[in-house]
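Enquirer: One structure is given below, represented as structure tokens, and several questions about it will come after.
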Amino acid sequence: MIGPALVVANISKRFGGVTAISDVSFEVPRGCLTALIGPNGAGKTTLFNLVTNLFPWTSGDILFNGASLKGSSSRQIAALGLTRTFQTARVFPRMTVLENVLVGGHRHVRSHPIAQALWLPSARRDEMQLQARAEEFLELAGLTRYCHEPATDLPMGSQKMLEVVRALMTTPQLLLLDEPAAGLNDSETAELAALLCAIRDCGVTIMLVEHNMSLVMSIADQVIVLDVGCIIASGNPKEIRRDSRVIAAYMGNDGGQTCA
Amino acid sequence: MAATIIGGLLQGGVFALLALGFALVYRVTGVVNLCQGAFCVLGALSMYTLEQTLGWPAALAATGAVVLTTLFGALLGLATFVPALNRLPNSSMLMLTAGLLTLVEGLVLIFWGSQPFNLPAFSGEAPVQIFGLRVATQAFWIVGVVAVVVCLLWYLLTRTMIGKQLRACAENPMAARLMGINVTLMSTLSFSLAAMIGAIGGIVLAPITSLQFDSGTFFTISGFIAVAIGGMGSFVGAIVGGLILGVAEQFAAGYISSLFSNGIAVILLLVALMFRPNGLFGVGGSRRVDVRDEQQVHLGIVRIQNGPAVTLSTAIVLLLAVLPWTGWFDSILPSLIITGILFIGVLGLDVLMGFAGQVSLGQGAFMAIGGYAAAILAVQYDWPPLMGVLAGIVLSLACSMGLSLVTMRLRGIYLALATLAFAMLVDSLITGWMDLTGGPSGLVGIPALSVGGYDFATPFSMYYLVLALGVVLVLLLTGLMRSSFGRALKAIRADQLAAAALDINIGRYKMAAFAISAVFASISGSLFAFNFHYLAPDMVGIPRSLEMVTMLVVGGEGMLVGPLVGVALLTLLPEVFQPLALYKTLAEGILLVMTFQYCPAGLAGLTIKQLHDVFEWFAARKHISPRITQEDLR
Ligand SMILES: Nc1ncnc2c1ncn2[C@@H]1O[C@H](COP(=O)(O)OP(=O)(O)OP(=O)(O)O)[C@@H](O)[C@H]1O
Ligand SMILES: [Mg+2]
């Protein structure tokens, strides 16, 4: 397929009086790792929520693979191959780490529930394939030793990692990751960076929100900077590092004025 | 016509009071308090004792009864309801209040027995003539008292400091707490106030309606329907909803049949849910959502490992298979059969509640459908029993599909409440449709179940049939629950938003879980009918639905052994301790409430956990770390 994976065109979102996103447009090129950065409250999570249609946007349009996402439910969007993770890890409690990952592979299960109830060969085959893939991904993320632990017993950082793995199990075309490195220590962050690069090299487009600048600068192909709901800069990491508006926004100058 | 309207408004006034109680507790705590109706009965019967037995003057007796009920409500709330608020997800709170309803009914049964009570009218029985209509004097009392209570409540909520605090809790409990408002106190207060309002309603209504220990369920459902029509949490809506409901019921009773008046209420509710999910005066969406927010409750995972599970269940099945041959258990063989039959129904409930996290308070209704369909077809139309069972299954499936379609789009605990209302509809249809169902006295002459010429006529054969069926169904569910289907259900229970983001079709899975639970209940109902050769409404009524919830929760939900433990406990114990049968209802209520409080994983869960700890301990002593292998997954 050609053309950008995701096109966001003139999107706005108001919460009552607060304009969380105002007239934002950008493209996420296929096969690249795009980072979305910005100070707290800039609207990064809101943007993700708009893309996955957790709430309807006020104006504009969002195209995934050239088709509008308007009016699709979050499940339909997931079915199109756009999977997201959440800022506060939402692993499933009362399930083990492995089970959590297996849930991610749910959409690839072809066997009918009746076949599953009877434990027919087709169901067993599905289950084995899923399990093999899950174990492979867990190994890649370094979570194998937690395999049979309840997911909520994991440290926060590992839970975030688990969420990435779970999202990966859906074999997405576009992966939206909301602060996956929050709560990870340095070595875990390095592992995550390696994992993300490996995913990208498999052809999965990634867009990630991240506060960890060194991570962003080392792995991103494109960086978009959001402040108070507007894009104030975008480009490759080198350009962003030199951009005076970005520095101003991060140093605490009033970002709102640059927006106008 | 005019008389019907007046009658309806009177009845509606009391419903409005009840609905106000609901709205109050809902606004402050976000919980639908199913115990509401029990306070009506408690208030009225306390007054009966004070006035008739102890000879107090009416005014004093009424005051005393209200004070007593309010105090009781406050204590009950403080001991059970309020402490659970912070720990339990919303749907468990709903079941907890159902447990409280059972508990109070059990208490009333012990103190007052099961006969109906009637209070004398406050100002004599002679009616007065107004515009040529004869109106009972009690009508004025009802109207007056309702008006006074409504005014006082309005004053309390809008003009006093306490009212401000109550409303602050309703808006945002966290912010209220930060502002120094004692949320615990306010929750207790709302619960006690609701008890007081309930007691007052019961007392003024008692002279024109007779009350007995289980009338509370009826009041709860009526009050709830009123508040759902009016709009959950709206006080004006509660009053309007109550009046509409009262008038509608009187019209149905007057012009169709008194037995169908409950049916009208439920139809009104379903129509309201379909077209105006927030009710006539709804205050927006509910504050809490319908997922059982497990995040608040850290339960861990209780699970037997594969090897021991197979050994244990094989042992249990073998034991059950040889039991009848020993001859020691002949006396309780019928109870064992009932245990098995109910187990099938509760197993279905477990799929819906334990795995998918949706609450059903109407499992008994699907038993009724399965039972009556099979029985009527066999008795009246000479259908072969197996065809009747199938017909029951199809009918149950259709009803469960319809109910889930109606409630699917709605947030909140509407599925739970719709199932409760549905149970009432089925109950009133069965009671009302005399020619077909035999009415309240039941359907007799149901033949034995016969399959391919073999009659399961003896308890012996029935026992093995139920055992075999139970084993097959458990095996099927084991397969289903350890596959992607079961995982999807668990994911939905845990976090709907995250599940949807992984391309899980939540609506479809909920519907499937509901369908499975309905089919299981239907099978169990059919077996009931063929086992007893007799079926009456109270065998499959709302108390049965609540009992099944208790069995599931006490046994342990989300595990397939949980239902077995719960059903066996609550069926066999009362059998063994016959003289204590009077305390059964109370015990069930207390058990349910206590389980939520102290043992949320249920008895089976607790046992497995303990055993597990013991094994761990042994393993540690022998310096052998527990082996984690591929098969230990489940
Ligand atoms: N559901 C909502 N209702 C009202 N306001 C909201 C809602 N969600 C977000 N906002 C507001 O929108 C703005 C952007 O919030 P958002 O969570 O998108 O920021 P963010 O960039 O993700 O910040 P952080 O780095 O802290 O995660 C904030 O001012 C926030 O208060
Ligand atoms: Mg954010």
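Since every read-out is calculated from the coordinates, none of them should be taken as a lab result. The shown structure was predicted, so the numbers you read here are calculated from the model rather than taken from an experiment. Backbone-built Cβ (ideal geometry, glycine too); neighbour counts: all protein chains shown.
Enquirer: Per the helix-only calculation at 222 nm, which mean residue ellipticity applies to chain B, given -39500 (n - 2.57) for every DSSP H run of n ≥ 4 and division by its residues, nearest 500 deg cm²/dmol?
Expert: On the way: 26 runs with 437 residues, N = 634.
One gets -23000 deg cm²/dmol as the mean residue ellipticity at 222 nm.
Enquirer: Using only the alpha-carbon atoms, how far is helix B:459-481 inclined from the longest principal axis of chain B? Give it as 0 to 90 degrees, nearest 10.
Expert: For B:459-481 against chain B, the angle is about 90 degrees.
Enquirer: Among B:ALA62, B:ALA168, B:PRO120, pick out the residue whose Cα is farthest towards the positive end of the charge dipole of segment B:2-283, where Lys and Arg carry +1 and Asp and Glu carry -1 on C-beta, about the Cα centre.
Expert: B:ALA168
Enquirer: Could you grab the relative contact order for chain B? Cα pairs under 8 Å, six or more apart, rounded to a whole percent.
Expert: On the way: 1110 pairs, mean separation 127.2, N = 634.
Worked out over chain B, it gives 20 percent.
Enquirer: How well do other chains shield peptide A:98-105, expressed as the mean number of their Cβ atoms within 10 Å of each residue Cβ? Mind showing how you got there, number by number?
Expert: Values: counts 1, 8, 6, 0, 6, 11, 6, 3.
Averaged over the peptide's residues, the number is 5.
Enquirer: Also, I was wondering about something else. In peptide A:107-117, what is the residue-averaged number of other protein chain Cβ atoms found within 10 Å of each Cβ? Could you put the intermediate results ahead of the total?
Expert: Numbers: counts 5, 2, 5, 1, 3, 1, 10, 4, 4, 9, 12.
The mean count of partner-chain Cβ atoms within 10 Å per residue comes to 5.
Enquirer: Among A:GLY60, A:GLY17, A:GLY31, whose mean-square fluctuation peaks in a Gaussian network model of chain A (Cα, cutoff 10 Å)?
Expert: A:GLY17
Enquirer: On to the next question. Quick one: work out the % antiparallel among DSSP beta bridges in chain A, nearest 5.
Expert: Numbers: 20 of 36 bridges.
Restricted to chain A, the bridges split so that about 55 percent are antiparallel.
Enquirer: Would you mind putting B:596-602, A:179-185 in packing order, based on average other-beta-carbon counts within 10 Å, highest first?
Expert: Values: B:596-602: 17.6, A:179-185: 19.4.
The packing order, highest mean first, is A:179-185, B:596-602.
Enquirer: By how many degrees, between 0 and 90 and to the nearest 10, does the Cα long axis of helix B:183-205 differ from the longest principal axis of chain B?
Expert: Approximately 70 degrees, to the nearest ten.
Enquirer: Specify which residue in the list B:ALA568, B:GLN578, B:LEU606 is farthest towards the positive end of the charge dipole of segment B:496-634, using unit charges on the beta carbon of Lys, Arg (+1) and Asp, Glu (-1), about the Cα centre.
Expert: In segment B:496-634, that residue is B:LEU606.
Enquirer: Give A:LYS44/A:LYS238; A:LYS13/A:LYS70; B:LYS490/B:LYS609; A:LYS13/A:LYS44; A:LYS160/B:LYS490; A:LYS160/B:LYS609 a once-over and call out the pairs whose C-alpha atoms are over 23 Å from each other.
Expert: Values: A:LYS44/A:LYS238 21 Å; A:LYS13/A:LYS70 14 Å; B:LYS490/B:LYS609 20 Å; A:LYS13/A:LYS44 12 Å; A:LYS160/B:LYS490 20 Å; A:LYS160/B:LYS609 28 Å.
Too far apart for the 23 Å limit: A:LYS160/B:LYS609.
Enquirer: Here is a further query. Which whole-Hz couplings ³J(HN,Hα) result when phi for each residue of segment B:247-254 is put into the Karplus expression 6.51 cos²θ - 1.76 cosθ + 1.60, θ = phi - 60°, listed in order with x for Gly and Pro?
Expert: So the Karplus estimates, Gly and Pro as x, are 5, 4, 5, 5, 5, 4, 5, x Hz.
Enquirer: To make sure I understand, if each residue's beta carbon is the centre and we count other beta carbons within 10 Å, what order do B:CYS35, A:CYS202 fall in, fewest to most?
Expert: A:CYS202, B:CYS35
Enquirer: Taking a ≥ b ≥ c as the square roots of the Cα gyration tensor eigenvalues, with a/c under 1.5 meaning rounded and otherwise prolate when a/b beats b/c, else oblate, which class fits the protein assembly as shown?
Expert: Numbers: a/c = 2.09, a/b = 1.37, b/c = 1.53.
Because a/c hits 1.5 or more and a/b fails to exceed b/c, the protein assembly as shown counts as oblate.
Enquirer: Continuing with the same structure: Arrange A:ASP126, A:ASP61, B:ASP382 by Cβ neighbour counts within 10 Å, fewest through most, would you?
Expert: On the way: A:ASP126 20, A:ASP61 14, B:ASP382 8.
Listing A:ASP126, A:ASP61, B:ASP382 from fewest to most nearby Cβ atoms yields B:ASP382, A:ASP61, A:ASP126.
Enquirer: Post the alpha-carbon centroid distance, segment B:113-153 to segment B:403-466, in whole angstrom.
Expert: 38 Å
Enquirer: Also, I was wondering about something else. Mind ranking A:39-47, B:231-239 by how tightly packed they are, going by the mean number of other C-beta atoms within 10 angstrom, highest first? Walk me through the numbers on the way to the answer.
Expert: Working: A:39-47: 19.6, B:231-239: 24.4.
Output ranking for A:39-47, B:231-239: B:231-239, A:39-47.
Enquirer: Could I ask something else about it? Per residue of B:485-496, how many C-beta atoms from partner chains lie within 10 Å of its own C-beta, taken as a mean?
Expert: 6
Enquirer: Give, rounded to the nearest 20 debye, the magnitude of the charge dipole that the protein assembly as shown has about its Cα centre when Lys and Arg contribute +1 at Cβ and Asp and Glu contribute -1 at Cβ.
Expert: Numbers: 49 positive and 50 negative charges, 244 e Å.
The calculation lands at about 1180 debye.
Enquirer: Additional query: Can you list the residues, at least 5 places off or on another chain, whose amide H is less than 5 Å from the amide H of A:ALA233, using H built in the peptide plane?
Expert: Counting only residues 5 or more places away or on other chains, the set is A:VAL225.
Enquirer: Determine the dipole magnitude for segment A:128-260: charges of +1 sit on the beta-carbon of Lys and Arg, -1 on that of Asp and Glu, nothing else is charged, the reference point is the Cα centre, and the result goes in debye to the nearest 20.
Expert: Details: 9 positive and 18 negative charges, 64 e Å.
Result for segment A:128-260 is approximately 300 debye, rounded to the nearest 20.
Enquirer: Still on this structure, please answer the following. Among A:LEU54, A:LEU138, A:LEU208, which one moves the most in a GNM of chain A with springs linking Cα atoms closer than 10 Å?
Expert: Between A:LEU54, A:LEU138, A:LEU208, it is A:LEU54 that shows the largest mean-square fluctuation.
Enquirer: Something else now. Using only Cα atoms, locate the centre of segment B:188-207 and the centre of segment A:105-119, then give the distance between them in Å, rounded to an integer.
Expert: Distance between centres, Cα-based: 52 Å.
Enquirer: Further, regarding this structure: Can you give me the relative contact order of chain A as a percent, contacts being Cα pairs under 8 Å and 6 or more apart? Each step should come with its number before you reach the end.
Expert: Numbers: 467 pairs, mean separation 67.2, N = 260.
Answer for chain A is 26 percent.
Enquirer: Could you please report the charge total around B:PRO574, scoring K, R as +1 and D, E as -1 over all other residues with beta-carbon less than 12 angstrom from its beta-carbon? Before the final figure, lay out the partial values.
Expert: Values: positive: B:LYS584; negative: B:GLU547, B:GLU575, B:GLU588.
Result for the local shell: -2.
Enquirer: So, in Å, what gap is there between the alpha-carbon centers of segment B:314-389 and segment B:1-59?
Expert: If you average the Cα positions of each part, the centres end up 37 Å apart.
Enquirer: Which whole-Hz couplings ³J(HN,Hα) result when phi for each residue of segment B:306-311 is put into the Karplus expression 6.51 cos²θ - 1.76 cosθ + 1.60, θ = phi - 60°, listed in order with x for Gly and Pro?
Expert: 4, x, x, 4, 5, 4
Enquirer: Can you list residues whose amide H is under 5 Å from A:ILE21's amide H, if they're 5+ apart or on another chain and H is modeled 1.01 Å from N?
Expert: Residues meeting the criterion, in which the H sits 1.01 Å from N, are A:LYS13.
Enquirer: Here's a follow-up. Angle, helix A:121-140 long axis vs. longest principal axis of chain A, Cα atoms, 0 to 90°, nearest 10?
Expert: Between helix and principal axis, roughly 50 degrees.
Enquirer: Now a separate question. List, in order, the whole-Hz ³J(HN,Hα) value for each residue of segment B:530-542 obtained from phi through the Karplus relation with A = 6.51, B = -1.76, C = 1.60 and θ = phi - 60°; use x for Gly and Pro.
Expert: 6, 6, 8, 6, 6, 9, 10, x, 6, 6, 10, x, 5
Enquirer: Select from A:GLY71, A:GLY142, A:GLY38 the residue whose mean-square fluctuation is largest in a Gaussian network model of chain A (Cα-Cα springs shorter than 10 Å).
Expert: Most flexible of the set in this elastic network: A:GLY71.
Enquirer: Another question, if that's okay. Within 10 Å, count the other beta carbons around each residue, average over each peptide in B:426-438, B:557-569, and list them highest first. Mind dumping the intermediate values first?
Expert: Working: B:426-438: 19.6, B:557-569: 23.9.
Sorting B:426-438, B:557-569 by mean packing, highest first, produces B:557-569, B:426-438.
Enquirer: Right, here's the next one. About its Cα centre, how strong a charge dipole does segment B:306-615 have in debye, to the nearest 20, once Lys and Arg get +1 and Asp and Glu get -1 at the Cβ? Walk me through the numbers on the way to the answer.
Expert: On the way: 11 positive and 14 negative charges, 175 e Å.
Computed about the Cα centre, the dipole is about 840 debye.
Enquirer: Another question, then. Sequence-distant or interchain residues sharing an amide H contact under 5 Å with B:LEU443, placed H: which?
Expert: B:LEU535, B:ALA536
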